[in-house]
1. Just the residues that are touching a residue at least 40 places away in the same chain (Cβ under 8 Å) and either under 13 Å from the mean Cα position of the chain (by Cα) or under 20 Å from LYS408 (Cβ atoms) (or both), please, taken from the stretch 208-219.
2. Restricting the first residue to the stretch 256-284 and requiring it to be within 11 Å of ASP200 (Cα to Cα) and touching a residue at least 40 places away in the same chain (Cβ under 8 Å), which pairs with a second residue that is assigned to a strand (DSSP E or B) and within 12 Å of ligand 2 (Cβ to nearest atom) meet a Cβ separation below 6 Å and a spacing of at least six or different chains?
3. Could you give me the residue pairs with C-beta distances under 6 Å whose first residue belongs to the stretch 129-144 and is closer than 15 Å to GLU180 by Cβ and within 16 Å of ligand 2 (Cβ to nearest atom), whose second residue is part of a strand (DSSP E or B) and not hydroxyl-bearing (Ser, Thr, Tyr) wherever it lies, and which are 6+ apart or on separate chains?
4. Of the residues that sit in the stretch 112-122 and are out of contact with any Lys or Arg (no Cβ under 7 Å at 6 or more places or on another chain) and either modelled with pLDDT under 95 or not in a helix (DSSP H, G or I) (or both), which one is surrounded by the most Cβ atoms within 10 Å (Cβ to Cβ)?
5. Here's a check for you: in the stretch 56-73, which residue that is away from ligand 1 (no atom under 16 Å from the Cβ) and assigned to a helix (DSSP H, G or I) is nearest to LEU4 (Cα to Cα)?
6. Do any strands (runs of 3 or more DSSP E) entirely within the stretch 191-246 hold 1 or more residues that are at negative phi and of a type in the set (Asp, Glu), and if so, which?
7. In the stretch 295-397, which strands (runs of 3 or more DSSP E) lie fully inside it and hold 2 or more residues that are among the polar types (S, T, N, Q)?
8. Inspect all residues belonging to the stretch 159-173 and state whether any of them is of a type outside the set (Ser, Thr, Tyr), within 16 Å of ligand 2 (Cβ to nearest atom) and either in contact with a helix residue (DSSP H, G or I) (Cβ under 9 Å, 6 or more places away or on another chain) or more than 28 Å from LEU268 (Cα to Cα) (or both).
Amino acid sequence: MKVLVVGRGGREHAIVWALAKSPRIIKLYCAPGNGGIENLAECVPIEEMNFAAIAQFAKENRVELVVIGPDAPLAAGIVDYLEAEGLTVFGPRQNAAIIEGSKTFMKDLMRKYDIPSAAYAAFDSYEEALIYLRLQKLPIVIKADGLAAGKGVIVAHTMEVAEEALNQIMVDKAFGASGERVVIEEFLQGQEMSLLAFVDGEIVRPLEPSQDHKPVFDNDEGPNTGGMGTYSPVPHISQEIVEEAIRTILKPAAKAMVAEGRPFRGVLYAGLMLTAEGPKTIEFNARFGDPETQVILPRLNSDLLTILLDVIEGRLAETDIRWSDAAAVCVILASGGYPGAYSTGILIEGIEDAEQTALVFHAGTARKDGQVCTAGGRVLGVVGRGAGIAEARSNAYAAAEQICFSGKHSRSDIAAKAIVSFGAKG
Ligand code: AMP
Ligand code: GLY
């Protein structure tokens, strides 16, 4: 089978890597791909948002399945567009991708269908938002309504920071049009967990749980990023809690989307806070997580291509989804300055050495005269595997040490929580 993956990050590298293992693959393409994906797929220089060029390429090359990685093309209706061109596509249509594309849609859906979540209010007016904000307890969470690459959320512990955030989003328009509307939300206390599921209408088949690390610095300090590292499984969170989240959040959300006439087909990602009152939803995403995918797919023992086709062709309920008991830990190597301004085009060394013992998924890299250089904020995801989290973690960090580029930044405490709360067995 000929398959085209759309996207250019670490998530897409992991998807391409998993698809490449399928005996059913004849040819893999990626648009536009990156410096690492090139080793597994033919990268074609077409931007994710150029739907017409993607459709034309897929038809000319007899692509039988297109897999969409990122949120922006999904929110803009890439699936509807490609389907109208007669292509088979993995991902939700635009009317379902809105669950991620609009935070107010997501929050209203959860309110209407009693899906546990944080209390909130949404505003189009800066003045009204400010009056409401000043009446709230701290900490408080301020979010730009639209997509902001995981960076449009500010958890404020002082009113000064909260007002500054509101100002940045609504007055300075730091996230562009995403900030025309703002959501002010109750702060949820607890452990975070990412729970993704393959969804087709009301059928929900969860993937293995994982945990992300959003803030840029150790101990969850500094601004939020797209994600600085992940691990899976999450040994200190019980199976009962995972099942509760499936029962109270993922399944009701899938059902709600059907009831709204917006059936979801693809990967539905619930970002959860495990509070003292049970799991609550922080957000839904309409796609695979990044960097969650980098630790989930290496644990998948079944054929990813078969699962994706089974989702599309109505066989999700019976498809075979098996997981390895082994653990995986992903450490993101980022450009100095990220999530703020950073330089690109910096030479990266040591990837092949790291690959002797770990998986290296490229996120923001490009090839220049045959050499791999930095090309984004998150540059590489180094994934260590082992019998437990402790072993996977030390493998990931040992391999990450072997990779050098000027300005390289990573967190040193990825998955530390899992080991502290569970002991070395992990
Ligand atoms: P989001 O983009 O909505 O996933 O938010 C990014 C990050 O901000 C989350 O992963 C949480 O760490 C944090 N966050 C968002 N909403 C809340 C909330 N209501 N309470 C506590 N933390 C939150
Ligand atoms: N890791 C966070 C996300 O994919 O949105």
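1. SER210, GLN211, ASP212, HIS213, LYS214, VAL216, PHE217, ASP218, ASN219 - these are the residues of the stretch 208-219 that are touching a residue at least 40 places away in the same chain (Cβ under 8 Å) and either under 13 Å from the mean Cα position of the chain (by Cα) or under 20 Å from LYS408 (Cβ atoms) (or both).
2. VAL267/LEU196
3. LYS143/VAL153; LYS143/VAL183
4. Applying the filter and picking the extreme gives ILE115.
5. Out of the qualifying residues, it is ALA58.
6. Where strands (runs of 3 or more DSSP E) fall fully within the stretch 191-246 and carry at least 1 residues being at negative phi and of a type in the set (Asp, Glu), they are 191-200, 221-224.
7. Values: elements: 327-334, 359-362, 365-368, 371-374, 378-386.
Qualifying strands (runs of 3 or more DSSP E): 371-374.
8. no
The values are calculated or read from the model by the stated rules, or taken from the named source; none is laboratory data. This structure is a prediction, so every number in the text was calculated from the model and none was measured. For neighbour counting, all protein chains shown are included, and Cβ atoms are generated from backbone atoms with ideal geometry for every residue, glycine included.
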